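The structure appears below as structure tokens.
The values are calculated or read from the model by the stated rules, or taken from the named source; none is laboratory data. What you see is a predicted model, and the numbers here were worked out from it, not measured in a lab. Glycine also receives a Cβ, built like all others from the backbone with ideal geometry; neighbour counts cover every protein chain displayed. Each accessible area value is taken on the protein alone, full model and side chains, heavy atoms only, with ligands, DNA and RNA left out. Shrake-Rupley method; radii C 1.70, N 1.55, O 1.52, S 1.80 Å.
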Amino acid sequence: KDQNSNEFFTKPKVTFQDVAGLEEVKEELIEVIDFINQSEKYKKMGAKIPKGILFHGPPGTGKTLLASAVAGETKSAFFSASGSEFVEKYVGVGAKRIRTLFEKARKEAPSVIFIDEIDAIGAKRHLDSNNEKDQTLNQLLVELDGFNTDQTVVVIAATNRIDLLDEALLRPGRFDRHMYISNPNVKAREEILKVHTRNKPLDPSISISDLARKTHGMSGAHLSNVANEAAIIAVRENKHIITIAHFEQAIERVIAGLQVKNPTIL
Ligand code: ATP
């Protein structure tokens, strides 16, 4: 049996409240959410619902989180896949997976399909490129062009490398809405830290804005790690609340982890 995760979907409970910062992107997405929630209104007016959205920007900045929040805000079925899951040795297998994924999403509509690392299948085609990859990309284009307006299926793709993508993917009617998801600035880091400490017992003397200043260069994913590490350290010390000392150790740990991977990042 073809075991692949594409056939499974969830109904995320995540909402925009769980996504900190990224105010402009959220504003743009509210429009998309309205398309999904009130699709009849748009159809009656003869308007086409946008199908493809491309999130691009550095890793760990909340692209997956935002996509699941779009599903959560619209009570849509959420299909999450990674481009690399479609990369196969045998010709036609990747294309078939794409077909199955879209079939299922149409059946469960309204749906949000999220394809992370779209560059794994959507990189520019070359004359000498491998046939399997081309077939997979072609199938994705067929699906994007093909679905009619009766089913509300929105496809969100994400990449760290928009420059690698085949232009065919970016044409009108395909992934034609591009949203840049940036690394958080100090204000956004503060918001993200607030979200990730929301359910944690903090020493009231902790200043989240100070922590935001001390975490320059970190992504949302790093900040979520910092909050979690601080909680773990507090537990190990048998404390009932998380103190600034725990956060300082946690920040050091996360920075140490970053420096192993990329010595120039901080
Ligand atoms: P990648 O490009 O590596 O796939 P991504 O951009 O999809 O990364 P996510 O997987 O959405 O990043 O983020 C990882 C985790 O980091 C999230 O589950 C969340 O806990 C935290 N996070 C990232 N950005 C934010 C944000 N803006 N607000 C709140 N939490 C965030």
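Apply the Karplus parameterisation 6.51 cos²θ - 1.76 cosθ + 1.60, with θ equal to phi minus 60°, to every residue of the range 57-72 and state each ³J(HN,Hα) to the nearest whole Hz, in sequence, with x for glycine and proline.
x, x, x, x, 9, x, 5, 5, 4, 4, 4, 6, 5, 4, 5, x
Just flag the trypsin sites (Lys or Arg not before Pro) in the range 156-213 sitting in loop per DSSP whose Cβ has no more than 14 other Cβ atoms within 10 Å.
Here the sparse-neighbourhood loop sites are ARG161, ARG198.
Obtain the nm distance between the two label points defined at LEU164 and ALA221 by a simple spin-label model: each point lies 7 Å from its Cα along the Cα-to-C-beta direction.
Here the modelled spin labels are 1.4 nm apart.
With a 10 Å cut-off between alpha carbons and a GNM built on the chain, which of SER205, SER76, SER84 moves the most?
In the Gaussian network model the winner is SER205.
Which cross-chain or sequence-distant (5 or more) residues have an amide H under 5 Å from the amide H of PHE55, H modelled 1.01 Å from N in plane?
Those qualifying (amide H under 5 Å, at least 5 residues apart or on another chain) are ALA157, ALA158, THR159, MET179.
Mind pulling the angle between the C-alpha long axis of helix 244-261 and the longest principal axis of the chain? Nearest 10 degrees, somewhere in 0 to 90.
Its long axis makes an angle of about 50 degrees.
Quick one: if you stick a label point 7 Å off each Cα along the C-beta vector at SER182 and LYS124, how many nm between them?
In this crude spin-label approximation the distance works out to 2.7 nm.
Using helices alone, I'd like the mean residue ellipticity at 222 nm for the chain: each DSSP H run of four-plus residues gives -39500 (n - 2.57), total over residue count, nearest 500.
Here the helix-only value at 222 nm equals -14500 deg cm²/dmol.
Enumerate the amide H contacts of SER82 below 5 Å, restricted to partners 5 or more residues apart or on another chain; note that Pro and chain-start residues carry no placed amide H.
Here the answer is ASP116, since their amide H atoms fall under 5 Å of that of SER82.
Which ³J(HN,Hα) values, rounded to whole Hz and listed in residue order, are derived for the range 166-177 from phi using the Karplus coefficients 6.51, -1.76 and 1.60 in 6.51 cos²θ - 1.76 cosθ + 1.60 with θ = phi - 60°, glycine and proline given as x?
5, 4, 4, 6, 9, 5, x, x, 10, 7, 9, 10
Subtract the Cα-Cα distance of ARG198 and GLU108 from 0.36 nm times their separation in residues, and report this length gain in nm to one decimal.
Net length gain for the segment: 29.1 nm.
Can you classify the range 59-150 as rounded, prolate or oblate using the Cα gyration tensor, where a ≥ b ≥ c are the square roots of its eigenvalues, rounded means a/c under 1.5, and otherwise it's prolate if a/b beats b/c and oblate if not?
Here the range 59-150 falls in the oblate category.
Which angle from 0 to 90°, rounded to the nearest 10, does the C-alpha axis of helix 186-197 make with the longest principal axis of the chain?
80 degrees
So in the chain, what percent of DSSP beta bridges are antiparallel if you round to the nearest 5?
Counting only bridges with both partners in the chain, antiparallel ones make up about 10 percent.
Rounded to the nearest 0.05, what FRET efficiency do VAL91 and GLN151 have when you use their Cβ-Cβ distance and R0 = 30 Å?
Computed FRET efficiency for VAL91 and GLN151: 0.55.
Quick one: grab the alpha carbon gyration tensor of the range 1-75, order the square roots of its eigenvalues as a ≥ b ≥ c, and give me rounded if a/c is under 1.5, else prolate or oblate depending on whether a/b is larger than b/c.
Details: a/c = 1.79, a/b = 1.15, b/c = 1.55.
It comes out oblate by the Cα gyration axes.
Please compute the contact order of the chain in relative form: average sequence separation of alpha-carbon pairs under 8 Å and at least six residues apart, divided by the residue count, as a percent.
The value is 23 percent.
Given a 1.4 Å probe, how much area per residue of the chain is accessible, in Å²?
That works out to 52 Å² per residue.
Where the convex hull is taken over the Cα atoms of the chain, what is its projected area averaged over directions, in nm²?
16.6 nm²
Expected output is a single nm value to one decimal: the length gained when fully extending between LEU141 and THR15, i.e. 0.36 nm times separation in residues minus the C-alpha distance. What is it?
Extra length available between LEU141 and THR15 comes to 42.4 nm.
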